[in-house]
There are 2 protein chains.
Amino acid sequence: MLTPFADKAKADGVKVYHLNIGAPDIKSPDSALEALAGFKFDHLAYSNSAGMIELRTALCTKYYSSVGINVGVDDVLITTAGSEALSFVFHAATDPGDEVLVMEPYYCNYNTLAKMNGVKVVAVHTDIRKGFALPSAAEIEAHITPRTKAILICNPSNPSGVLYSKSDILSIADICRAHDLFLISDEAYREFCYTEEPYFSALQLEGMDDNVILIDSASKRYNLCGARIGALVSRNKDLMALITKFAQARLCPPVLGQVAAIGAINCPPDYFRATREEYIARRNYTIDRLNRIPGVFSPKPDGAFYTVAELPVDDATAFCKWLLTDFRLDGETVMLTPAEPFYGTPGMGRNQVRVAYVLEVHALERALNILEKALLTYNER
Amino acid sequence: MLTPFADKAKADGVKVYHLNIGAPDIKSPDSALEALAGFKFDHLAYSNSAGMIELRTALCTKYYSSVGINVGVDDVLITTAGSEALSFVFHAATDPGDEVLVMEPYYCNYNTLAKMNGVKVVAVHTDIRKGFALPSAAEIEAHITPRTKAILICNPSNPSGVLYSKSDILSIADICRAHDLFLISDEAYREFCYTEEPYFSALQLEGMDDNVILIDSASKRYNLCGARIGALVSRNKDLMALITKFAQARLCPPVLGQVAAIGAINCPPDYFRATREEYIARRNYTIDRLNRIPGVFSPKPDGAFYTVAELPVDDATAFCKWLLTDFRLDGETVMLTPAEPFYGTPGMGRNQVRVAYVLEVHALERALNILEKALLTYNER
């Protein structure tokens, strides 16, 4: 929506720091590039609709088993990125008009994917001043109606960076059990967690085999966004059988991306460690710096590579546009994402932005200096 | 559906000739492999949601312009194969419960894609004994109701191989104009035409800019099935704006496949010529041989690499299964696709199969010898 203004600024010779997009600059694993370079073909045939058996096996035996998730190849369906996995789940788990609860702020493409599949997203508010903590069971249950079929979480969350603990997941599971709901857990950012506590996946819940559906993705974990490889994982046999039919209708997920993903899974463990250390440094710098700007407030997120921050402006959308059209500091400006579209409740998040700390610290420093000066100028106009 | 029986036969050491799948064995263009080998990346980023500008430009200026289709980059949206393009069109062009007319026999995945998007496929019968010729305007119009929103054609057709002439397309266009319907033209097989008449694309129709939607694909044209690259092309600005929103929700089409497709478009013109000659030889052999088997009838298709043939059996599905489970000739058998699922009218096509002539002639010879012997044995049981 703001992209044309950024393009115009760049055409005018302005350097734009992109804190708006979740497109990290970290290198893909060498093993992914090597797998691709080593993949020779005469003609590029379809793979199995559920994905290449080599990829499904590698995911189960090398990745999931290493993070404490016990699933078999039949529980895993490779998808065209997490988006297709979620689309399949929305379609399989609901009838037109059914409702899915999502904690707001939430990834705004959930809205379009839900709408395309006849699902109504019902927002459960979480508060920036409480660090976007999970609401009480009573607050969540107040949103449940006879049409509610699932609770969808993104853990850790895009856009807020909130990371749900094991006890959070257990309490969501209790609600799902009590009301017979699916628990759809989008774990695209699961390798981006900055506490010392081990990550607790929804698939580690016990006695919930028919309820839990994992949405997974190679995009962020291996910096392979363009490969478009995701996975849908569930031990619910009937659901998987239905979704397999949808998968067959689109023939197969992208084969070249699957080859890269097979390679990526073989990356050494220090690939994640190095990435994690880099993001912790970026997060620490970003959150500290944001909170030192007068009138700005950001909680300290424990996961993903985003934060949602309050700015001392009435309308963050207008401010973000103004940054691109009017403000320059030494010929540079910054691009942020207005947070309002991440909220389902009308009027929420108007003075908030999402900041993606996907640049190196020296660039973050420059970008946040620009933001501080811009806010001053904007409010003195 | 028959795959487990084929797998079992193969596990038992039986060689299975696959005339069931549309997976050709022709080499991808060298230029596609070279483009991929030359593509270096540090991390694999998203492309534009509408596809890489290099690919959209190459499609317009190198491919479409060379085949008489005059479209601009804004009319082209790159999709995750033809399946996604059709899914987007079904979703954009109809409301739940609306109807789309399709000539039967038709590609059976149309049913699932339609169902997932709330569309009802209405079959218009075409007759094997008439070479699956386009029905009269009156016969087609008899199926139009107030809920009809589009006519979907596959030209040339999977599964029948029928190729619609310019005058066929003009008469379909007249119906669409008279009833204000979209004309959705799936032209995935457009380079596989075996007459001397030039191919006439629905996008070459005049005065139909708001009605015509082209579904395109790199899969068959360049033998890049696994790349999952297709395109949706229309001059209808409102439709494209709506579909762009769907495209944004799934971020982007597969980038590695896009790179291969950019390379493929640069293939020399004799790539298509050589492929075409090979398929003409295969078609000629297959149709002649099929019709020399007692009780078998196949029309001579002018496009794609399939034909639908009548067999001297009551239930072709049972026969196809028996081929895999019971019949061997010198330790070999043949796999065919029952044609009944390609029909929307109940009971139609029960004694028909689809034959994909995607093997070299010497293998086709062996496979059809097996079929002849099998039919004899089957009917003498």
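Coordinate-derived values only; no laboratory data. Since the model is a prediction, treat every value here as computed from it, not as a measurement. Reconstructed Cβ throughout: ideal geometry from the backbone, glycine too, with neighbour counts over all protein chains shown.
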(message) Pairs on different chains or at least eight residues apart, Cα atoms closer than 20 Å: how many lysine pairs in the stretch A:30-265 fit?
(response) 6
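Explain nothing, just the number: relative contact order of the stretch B:1-107, from Cα pairs under 8 Å at least 6 residues apart, as a whole percent. All intermediate terms of the calculation are to be shown ahead of the outcome.
Values: 27 pairs, mean separation 16.6, N = 107.
That works out to 16 percent.
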(message) What distance in nm lies between label points placed 7 Å from Cα along the C-beta direction at B:N266 and A:K300?
(response) 5.2 nm
(message) Using a 7 Å offset from Cα along Cα-Cβ at B:D315, what residues in the stretch B:364-381 end up with backbone N under 18 Å from the label point?
(response) B:375, B:378-381
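Work out how much length A:S65 to A:A37 would gain on full extension: take 0.36 nm times their residue separation and subtract the Cα-Cα distance, in nm to one decimal.
Working: separation 28, 0.36 × 28 = 10.08 nm, distance 2.72 nm.
Stretched fully, the A:S65-A:A37 segment lengthens by 7.4 nm.
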(request) Pull up the cross-link candidates among the lysines for B:K321, meaning alpha carbon to alpha carbon under 19 Å and not fewer than 8 places away within one chain. (result) B:K8, B:K10, B:K15, B:K373
(message) Amide H of A:T79 versus every other amide H placed in the peptide plane: which residues, excluding those fewer than 5 positions away on the same chain, fall under 5 Å?
(response) A:G230, A:A231, A:L232
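How many times 2.2 N^0.38 Å is the alpha carbon radius of gyration of the protein assembly as shown? Mind dumping the intermediate values first?
Values: Rg = 27.5 Å, N = 762, 2.2 N^0.38 = 27.4 Å.
Computed over Cα atoms of the protein assembly as shown, the ratio equals 1.00.
Rank-order B:344-350, A:199-205 by packing density, defined as the average count of other C-beta atoms within 10 Å over each peptide's residues, highest first.
A:199-205, B:344-350
Across peptide A:18-30, how many C-beta atoms of other chains are within 10 Å of each residue C-beta, on average?
Working: counts 0, 0, 0, 2, 2, 4, 2, 3, 2, 3, 5, 1, 0.
Going residue by residue through A:18-30 and averaging, the value is 2.
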(message) Run the numbers for A:D74 and A:V14: contour at 0.36 nm per residue of separation, minus the present Cα-Cα distance, in nm.
(response) 16.5 nm
(request) Counting other Cβ atoms within 10 Å, keep those with at most 14, restrict to DSSP loop, and tell me which trypsin sites (Lys or Arg not before Pro) in the stretch B:119-219 are left. (result) B:R147
(request) Report, for B:D270, each distance to the same residue's label point in the other copies, shortest first and in nm; define the point 7 Å along Cα→Cβ. (result) 5.3
(request) Scan around B:V124 for amide H atoms under 5 Å from its own, H built in the peptide plane at 1.01 Å from N, and keep only partners 5 or more places away or cross-chain. (result) B:V102, B:M103, B:E104
(request) Before rounding to the nearest 500, sum -39500 (n - 2.57) across all DSSP H runs of length at least 4 in chain A and divide by the residue total; then give [θ] at 222 nm in deg cm²/dmol. (result) -11000 deg cm²/dmol
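Kindly identify the stretch B:317-368 as rounded, prolate or oblate by the Cα gyration tensor criterion: order the square roots of the eigenvalues as a ≥ b ≥ c, call it rounded if a/c is under 1.5, otherwise compare a/b with b/c, prolate if a/b is larger, else oblate.
Oblate shape, in that a/c is at least 1.5 and b/c is the bigger or equal ratio.
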(request) List the distances, in nm and shortest first, from the label point of B:R292 to the matching label points in every other copy, placing each point 7 Å from Cα along the Cα-to-Cβ direction. (result) 8.7
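Taking 20 °C and 1.002 mPa s as the conditions, I'd like the Stokes-Einstein D for chain A in µm²/s, using the Kirkwood hydrodynamic radius from alpha carbon pairs. Mind showing how you got there, number by number?
Working: Rh = 21.6 Å.
Reported coefficient: 99 µm²/s.
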(request) Collect residues whose amide H, placed 1.01 Å from N in the peptide plane, falls under 5 Å from the amide H of B:T148; neighbours closer than 5 in sequence don't count. (result) B:E99
(request) Would you mind ranking B:T307, A:T244 so that the residue whose beta carbon has the fewest other beta carbons within 10 Å leads the list? (result) A:T244, B:T307
(request) Step through the residues of the stretch B:323-337 one at a time and calculate ³J(HN,Hα) from phi using the Karplus curve (6.51 cos²θ - 1.76 cosθ + 1.60, θ = phi - 60°), rounding each to whole Hz and writing x for Gly and Pro. (result) 3, 7, 8, 10, 9, 9, 10, 6, x, 10, 8, 9, 10, 10, 9
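Taking the Cα centre as origin and putting +1 on Lys and Arg beta-carbons and -1 on Asp and Glu beta-carbons, what dipole magnitude results for the stretch A:30-265, to the nearest 20 debye? Don't skip to the end; give the middle numbers.
Details: 19 positive and 27 negative charges, 104 e Å.
Roughly 500 debye, rounded to the nearest 20.
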(message) Can you tell me how the stretch B:285-378 classifies by the Cα gyration tensor, rounded, prolate or oblate, using a/c under 1.5 as the rounded cut?
(response) oblate
(request) Please find the FRET efficiency linking A:N369 to A:D25, where r is the Cβ-Cβ separation and R0 is fixed at 22 Å, and quote it to the nearest 0.05. (result) 0.65
(message) Ordered shortest first, which distances in nm separate the 7 Å Cα→C-beta label point of A:D30 from those of the other copies?
(response) 3.2
(request) Please tell me the relative contact order of the stretch B:30-265 in percent, rounded to the nearest whole number, where contacts are Cα pairs under 8 Å and at least six residues apart. (result) 30 percent
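Using a Förster radius of 35 Å, what is the FRET efficiency between A:T244 and B:E332 based on their Cβ-Cβ separation? Nearest 0.05, please.
Computed FRET efficiency for A:T244 and B:E332: 0.70.
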